[in-house]
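Some notes on the structure that comes next.
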Amino acid sequence: PQGCWVCDDHGSQLIAGFKVQAIDSNGAGDAHCGVMIAALSAGYAAPEAAKRANAAAALAVTRRGPATSPNADEVDRLIQEARIQA
């Protein structure tokens, strides 16, 4: 929930996390790393990739078990909901 730091050519910055009701943290790190790598590979800048990774990890902890990484549509929906609430 505290987010993560990214460091790129523009310096270091904290990328905010997403507040969710966690029920199982198993698999959150895997979801975060996998989505971060996928987003960077798809051409997202590091801060936006980290935001997507944070959203994926947040969604993963709302599910039981280790194989809980969300799909891209779920990540997009959480990011959009957070924008609306901000």
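Over the chain, DSSP H runs of length four or greater, each weighted -39,500 (n - 2.57), average out per residue to a 222 nm ellipticity of -16000 deg cm²/dmol. Take every pair of alpha-carbon atoms less than 8 Å apart whose residues are at least six positions apart; their mean separation over the length of the range 4-85 yields a relative contact order of 34 percent.
No lab work stands behind these numbers, since they all come straight from the coordinates. Keep in mind that what you see is a predicted model, and the values were worked out from it rather than measured.
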